[in-house]
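Only one structure is covered here, and it is reproduced in the block below.
The values are calculated or read from the model by the stated rules, or taken from the named source; none is laboratory data. These figures come from a predicted structure and were not determined experimentally. Cβ atoms come from the backbone with ideal geometry, glycine included; neighbour counts cover every protein chain shown. SASA here: full protein model, heavy atoms, side chains in, ligands and nucleic acids out. Shrake-Rupley method; radii C 1.70, N 1.55, O 1.52, S 1.80 Å.
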Amino acid sequence: YVSTSRELKRLDSLAMSPIFSIFSETLLGLTTVRAFRVEGSFRAKAEHFLEESNRCYWPIQCVNRWLSVRLELTGTFIVLSSAVVCSVLDVSAGLAGLAVSSALNLSGLMSWMVRQTTELEVNMNSVERLVEYDDTPREAPAVIPERRPLPAWPTRGEIVIEDLQVRYRPELDLVLRGVSFKCGPGEKIGIVGRTGCGKSTLLSAILRIIEPCGGKVVIDGIDVSTIGLCDLRSRISLVAQDCVLFAGSVRSNLDPFSMASDDDVIWDAISAAGLRETVQAMGGLDASVAEAGGNLSQGQRQLVSLARALLRNSRILILDEATSSIDTATDALIQKTIRKSFEASTTLTIAHRI
């Protein structure tokens, strides 16, 4: 029973994960699902995962009933044996009653001990999965005390990439094969190419989201692989295609670490990003932002991310398809703002078109 129950519990845990996954995916894309009227296919997929989970859940209930029947039969046999022995030995009524009641308690205690022992072993599946997650490779430390750069780093914004090699996993082929170039202080570099040619991978390697397997990235004379991730990523501004917004206020999304001197600085960044009217219509800097920016369009989320970069005013700016969801007029405004606000900053821009 123990070995069977343990394996069934493991299968049940594995079959449970897809149910939560499809549920969260459906909630996030609920508007799109309803717009395309594909509720039926999502419902069918959810029911399929439920059936797969029940294929493991119901056998667990069956083996539990199997154990209960055996334990009850064993307890009944012990009570019967005690009663028969007492009648054969012709003991007193009080002693016979004590023996039978003790046998009843013993059968219940035995059943409880067996169940607790098996439950402990079965639930160790959860510990097994936690250990498996704990064994996954971790990122480099956020801060290396003996290798911290100066507070004003980078002061110039020079980027030198030498023979950079990147692969997604150790067993896969190289994605970037010996990329080398130099970007001088304040230069504006466009990284243009077809889908899948490695543009975003290059920027991920600069930010060490993907660790390079060869070569090096040097910013203002410091090899980025020798410093902590917090020291590296906090000094570079990134405006990505898929912007990250958190549930909270407009202020907390633009200035999460409260580094702005006053609200006027935040409003200047909002105005430069072309979001002033939108934020005023929402109710100002303390207006609420839904989880993942659900109450903003994709283009407005990119503008919020751009305003965040304007507020930080870093020496290095990375734009990863930053205007892909913005109309032509706003795109022209944003490009003008970037040329003006980041005139002295080194800018790397990813785009599909020149």
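Structure above, values below:
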{"read-out": "Of residues in segment 107-123 being among the hydrophobic types (A, V, I, L, M, F, W, C) and without any contact (Cβ under 8 Å) to a residue 60 or more places away in the chain, the one most open to solvent (accessible area, probe 1.4 Å)", "value": "Trp112"}
{"read-out": "Failed item, numbered, when Ser225 is tested on (1) over 26 Å from Arg339 (Cβ atoms); (2) open to solvent by less than 40 Å² (accessible area, probe 1.4 Å)", "value": "(2)"}
{"read-out": "Sole residue being open to solvent by 90 Å² or more (accessible area, probe 1.4 Å) and at pLDDT 85 or above, chosen from Leu164, Leu104, Leu150, Leu89", "value": "Leu150"}
{"read-out": "Conditions (1) at pLDDT below 85; (2) part of a strand (DSSP E or B); number of the one not met by Val218", "value": "(1)"}
{"read-out": "Failed condition for Ser204, given (1) in a strand (DSSP E or B); (2) crowded, with 18+ Cβ neighbours inside 10 Å", "value": "(1)"}
{"read-out": "Segment 60-86 - residue that is under 21 Å from Asn123 (Cβ atoms) and polar (S, T, N, Q) and, of those, most open to solvent (accessible area, probe 1.4 Å)", "value": "Gln61"}
{"read-out": "Search result, residues across segment 51-80 that are touching a helix residue (DSSP H, G or I) at 6+ places or on another chain (Cβ under 7 Å), in contact (Cβ under 8 Å) with a residue 40 or more places away in the chain and of a type outside the set (Phe, Trp, Tyr)", "value": "Ser53, Cys56, Pro59, Ile60, Val63, Leu71"}
{"read-out": "Residue that is modelled with the lowest pLDDT [pool: residues in segment 305-340 that are assigned to a loop (DSSP other than H, G, I, E, B) and among the charged types (D, E, K, R)]", "value": "Asp327"}
{"read-out": "Residue in segment 176-193 that is more than 18 Å from Ile316 (Cβ to Cβ), of a type in the set (Lys, Arg) and not in a loop (DSSP other than H, G, I, E, B) present", "value": "yes"}
{"read-out": "Count - residues of segment 222-249 that are of a type in the set (Ser, Thr, Tyr), closer than 19 Å to Ile270 by Cα and assigned to a loop (DSSP other than H, G, I, E, B)", "value": "0"}
{"read-out": "Test result for Phe36, of a type in the set (A, V, I, L, M, F, W, C) and within 30 Å of Glu121 (Cβ to Cβ)", "value": "no"}
{"read-out": "Among (1) farther than 29 Å from Lys182 by Cβ; (2) touching a helix residue (DSSP H, G or I) at 6+ places or on another chain (Cβ under 7 Å) - the single one Ser258 does not satisfy", "value": "(2)"}
